[in-house]
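The values are calculated or read from the model by the stated rules, or taken from the named source; none is laboratory data. Please read these numbers as outputs of a predicted model, since none were measured by experiment. Neighbour counts run over all protein chains shown; Cβ positions are idealised from the backbone, glycine included.
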Amino acid sequence: MRPINNLGICANALEWVDYSLYGAFSSVMAPLFFPSSSALASQLAAFGVFALGFIARPLGGVFFGHIGDKIGRSKALFLSIALMAIPTTCIGLLPTYAQVGMLAPALLTLLRTLQGLSMGGEFTGSMVSLVENAPVERRGRNGSWADVGCLLGTLVGGQLIVALLSAILGEQAYQTWGWRLPFLLSIGLLYIGMRLRKEQEGTPPKKKSAKMPIVEVVTRHRGVVLWTMCVIAFSGVSFYSLLVFLPNYLVLSGHVSPTWSFCMTGATNACMIPVTLLAGHLTDVFRKRKTFLQVGITGVLLTVYPMTAALHAGALGWYGVLHLLSGLCLSLYFGGRTAFFAEAFPAHVRYTAVSFAFGVAQAIAGGTTPFLATYLIEQVGDVRILSVQFAVAALLALVALSKMPDRTMQPLE
């Protein structure tokens, strides 16, 4: 067994920096690419494109999963990072609606779709690789590094960059041209990321290989795939509500400045990183990965309503505390999920199965979350309606987990 590969984790974090930028800057880009007399309509359109990017993730999962299962994990991961960095850089070069009309949102949608294709195979590929290269007693700890890369990339690309640009450039420069800078810098991340992936050791394809991995996944493993999707859907709702939608909502609703909102969200994100690593380690110690997932889901469910109630009441201090608590509960879920999902499938279709399940679940429940949250709050007039989204996702995930076996410490098939 090989030790944990720091190069792969760094490359994963870089890819999440790129992927997070659109969500972080959506409130700035909305009027530039989707101008309307209503700020709400512009924001809904921007979140609509955010959701469309997720529709491509199942296709990316099947494509890169096939490469990973038939040719090798490293080949798939190497190709995926190029497909992320190039369209991200191009977003920073796009003309606005005022300059080229409908061509601007059309090009933005295309580039966001290409990002979705890349993420459909990269993140889940890194999850599988980390677990497969870990000793049996360290799968939880090593697997949790995939979500650490996700959280670290989101922290940099989704919160810190926004807070710093807003504070340094000032509101006018930040909204007119400053938002483009992080996208343009992605061309540098392309070089770094591809070098890291090139030097990364990866798991070779297994000797036993399905002729068409996706066909075997949907015919012989469809039950496990379905339950896995239900559990993953919870992370889509919770992650994109806590770390993408709410910081934008705070700014658009006039509660706080972008610097305050994204610094507060970044603080939650930063605290989630060590807790995710600790939770991953503890799933190995106690050999109960499913229990950690269940506790984490329940904890988020219990904290969401008080958090949204505090925001509704304008108690921003209490909102910040409860936002942090929700994030820490989510970390318990993150700590065990990578190994739990990888252990659920046999090796010769594992990359495809995990990528396909993640892609479909995130397309349904992840990408649509900011759009649906914006729409529901506008219709009901109360941010507490978000707790209904969380409740549905959490209960569905808990039912699905009750149907799945816990294979902690068992040999990988």
*Which numbered condition trips up Leu94, out of (1) more than 17 Å from the chain's Cα centre (by Cα); (2) modelled with pLDDT of 75 or more; (3) over 24 Å from Ile364 (Cβ atoms); (4) part of a helix (DSSP H, G or I)?*
(4)
_So, Leu293, is that one modelled with pLDDT of 95 or more and of a type outside the set (Asp, Glu) or not?_
yes
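If we keep just the residues of the range 238-256 that are of a type in the set (Val, Ile, Thr) and in a helix (DSSP H, G or I), which is nearest to Pro370 (Cα to Cα)? First the steps, then the outcome.
Within the range 238-256, the first condition is being of a type in the set (Val, Ile, Thr), and the residues that meet it are 244, 251, 256.
If we keep only those that are in a helix (DSSP H, G or I) too, we end up with 244, 251.
On the way: Val244: 7, Val251: 14 Å.
Restricting to residues being of a type in the set (Val, Ile, Thr) and in a helix (DSSP H, G or I), the top hit is Val244.
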*Considering the range 98-119 alone, what residues qualify as being touching a Ser or Thr at 6+ places or on another chain (Cβ under 6 Å) and under 30 Å from Val275 (Cα atoms)?*
Ser118
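How many residues does the range 381-403 contain that are surrounded by fewer than 12 Cβ atoms within 10 Å (Cβ to Cβ) and either modelled with pLDDT under 95 or in contact with a Cys (Cβ under 8 Å, 6 or more places away or on another chain) (or both)? Step through it out loud before you land on a result.
Start the filter on the range 381-403 by keeping residues that are surrounded by fewer than 12 Cβ atoms within 10 Å (Cβ to Cβ), which leaves 381, 402.
Now restrict to residues that are either modelled with pLDDT under 95 or in contact with a Cys (Cβ under 8 Å, 6 or more places away or on another chain) (or both): 381.
Qualifying residue count, the range 381-403: 1.
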*asked:* Restricting to the range 163-181, name every residue that is surrounded by fewer than 16 Cβ atoms within 10 Å (Cβ to Cβ) and under 14 Å from Pro31 (Cα atoms).
replied: Gln172, Thr176, Trp177
*Please specify each residue of the range 135-147 satisfying the condition of being buried (at least 24 other Cβ atoms within 10 Å of the Cβ) and either farther than 18 Å from Val275 by Cβ or among the β-branched types (Val, Ile, Thr) (or both).*
Arg139
*(1) within 16 Å of Ala30 (Cβ to Cβ); (2) modelled with pLDDT under 90; (3) of a type in the set (A, V, I, L, M, F, W, C): which one isn't true of Leu107, the others all being true?*
(2)
*Would it be correct to say that Tyr333 is of a type in the set (Phe, Trp, Tyr), within 27 Å of Arg138 (Cα to Cα) and at pLDDT 95 or above?*
yes
*Out of curiosity, is Leu108 buried (at least 19 other Cβ atoms within 10 Å of the Cβ), over 19 Å from the mean Cα position of the chain (by Cα) and not in a loop (DSSP other than H, G, I, E, B)?*
yes
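Would you check which residues across the range 152-198 are small (Gly, Ala, Ser), out of contact with any helix residue (DSSP H, G or I) (no Cβ under 8 Å at 6 or more places or on another chain) and at pLDDT below 90 and list them?
Of the residues in the range 152-198, the ones small (Gly, Ala, Ser) are 153, 157-158, 163, 166-167, 170, 173, 178, 186, 188, 193.
Now narrow it down to the ones that are out of contact with any helix residue (DSSP H, G or I) (no Cβ under 8 Å at 6 or more places or on another chain): 170, 173, 188.
Scanning the range 152-198 gives Gly170, Gly188.
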*asked:* Given (1) surrounded by 22 or more Cβ atoms within 10 Å (Cβ to Cβ); (2) closer than 23 Å to Gly280 by Cβ, identify the lone condition not met by Asp406.
replied: (1)
*Restricting the search to the range 124-142, which residues are within 15 Å of Asp69 (Cα to Cα) and either within 14 Å of the chain's Cα centre (by Cα) or among the acidic types (Asp, Glu) (or both)?*
Thr124, Gly125, Ser126, Met127, Glu132
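Rundown of residues vs (1) buried (at least 19 other Cβ atoms within 10 Å of the Cβ); (2) at pLDDT below 80, yes/no style:
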site: Ser74; (1), (2): yes, yes
site: Ala98; (1), (2): no, no
site: Thr113; (1), (2): yes, no
site: Ser126; (1), (2): yes, no
